Amino acid sequence: MRLIVLSGFVSYIIGGIPVGFIIAKVVRKVDIRKLGSKSIGATNFSYIIGRAYGVFTFFLDTAKPIVAMFIAHFLHYPEWSIPLLGACAVIGNLWSIFLKLKGGSGLSVTGGYFIWVMPRAVPLVFLIAFIVALLMKWNLPVAGLSLYIVEPIIAVKVYHYPLCNFNNALSGPVCFYKVNPLDVYPSG
């Protein structure tokens, strides 16, 4: 049990690594938290630093919970602890110890959590989010938030996953609090 608690802390640290902040400092020598929507996430990053770096940031953020859960799986942790450690990575992203308990919105990190915990549901969930993004003229925060509405419905109704899901319970409401879907981003 102590090892699982320690792993939860390590997962929190992994999730808290501010990838967007670090890349913005290295590539452009700017504080991404002071530009655009002031988020360190992939969407703001794409608009301020560039799409290629935004995609790179998205994939690195998405990998955080996957890495935490893979390590737990590889070390043969109890099955119940693996999603919990992924949720610790999401919490680390939301309240990063490296940024004085400020962090990202958790959208990319939540995607990584979904990929590990509900792999069969991911293609359909992301297809719906893509359609929402198109309908909303690429308002990515709205598309990302739509994942929190669509994912539990698809997971339970289509794929019969249990509704009890650490990530939805912890991260969904926080993302609705942290992400302003009315943020206007420049087109292009």
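Quickly run through region 12-61 and pick out the residues that are without any contact (Cβ under 8 Å) to a residue 40 or more places away in the chain and among the aliphatic types (A, V, I, L, M).
Within region 12-61, I22, I23, A24, V26, V27, V30, I32, L35, I48, I49, A52, V55 meet the criteria.
So which residues in region 114-137 are touching a residue at least 12 places away in the same chain (Cβ under 8 Å), more than 20 Å from F56 (Cα to Cα) and not in a loop (DSSP other than H, G, I, E, B), if there are any at all?
Selection gives V117, L124, V125, I128, V132.
Return the residues of region 71-101 that are surrounded by fewer than 21 Cβ atoms within 10 Å (Cβ to Cβ), within 21 Å of T43 (Cα to Cα) and in contact with a Phe, Trp or Tyr (Cβ under 7 Å, 6 or more places away or on another chain); say none if nothing qualifies.
Those that are surrounded by fewer than 21 Cβ atoms within 10 Å (Cβ to Cβ), within 21 Å of T43 (Cα to Cα) and in contact with a Phe, Trp or Tyr (Cβ under 7 Å, 6 or more places away or on another chain): L99, L101.
Looking at region 5-24 only, could you name the residues that are at pLDDT below 90 and surrounded by fewer than 16 Cβ atoms within 10 Å (Cβ to Cβ)?
Scanning region 5-24 gives V5, L6.
Just to verify a result, which residue in region 1-16, among those that are touching a helix residue (DSSP H, G or I) at 6+ places or on another chain (Cβ under 7 Å) and not hydroxyl-bearing (S, T, Y), is farthest from K100 (Cα to Cα)? Steps first, answer last, please.
Pass one, region 1-16, residues touching a helix residue (DSSP H, G or I) at 6+ places or on another chain (Cβ under 7 Å): 4, 7-8, 11-16.
Narrowing further to those that are not hydroxyl-bearing (S, T, Y): 4, 8, 13-16.
Numbers: I4: 25, G8: 19, I13: 13, I14: 15, G15: 14, G16: 10 Å.
Of everything passing the filter in region 1-16, I4 is farthest from K100 (Cα to Cα).
Can you find a residue in region 84-91 that is within 29 Å of A133 (Cα to Cα) and either without any contact (Cβ under 8 Å) to a residue 60 or more places away in the chain or among the β-branched types (V, I, T) (or both)?
Looking through region 84-91, at least one residue is within 29 Å of A133 (Cα to Cα) and either without any contact (Cβ under 8 Å) to a residue 60 or more places away in the chain or among the β-branched types (V, I, T) (or both).
Under the condition of being aliphatic (A, V, I, L, M) and at pLDDT 90 or above, which residue from region 28-70 is surrounded by the most Cβ atoms within 10 Å (Cβ to Cβ)?
Within region 28-70, the match that is surrounded by the most Cβ atoms within 10 Å (Cβ to Cβ) is A68.
The values are calculated or read from the model by the stated rules, or taken from the named source; none is laboratory data. Model, not experiment: these values are computed from the prediction. Methodologically, a virtual Cβ is constructed for each residue, glycine included, from the backbone with ideal geometry; neighbour enumeration extends over all protein chains shown.
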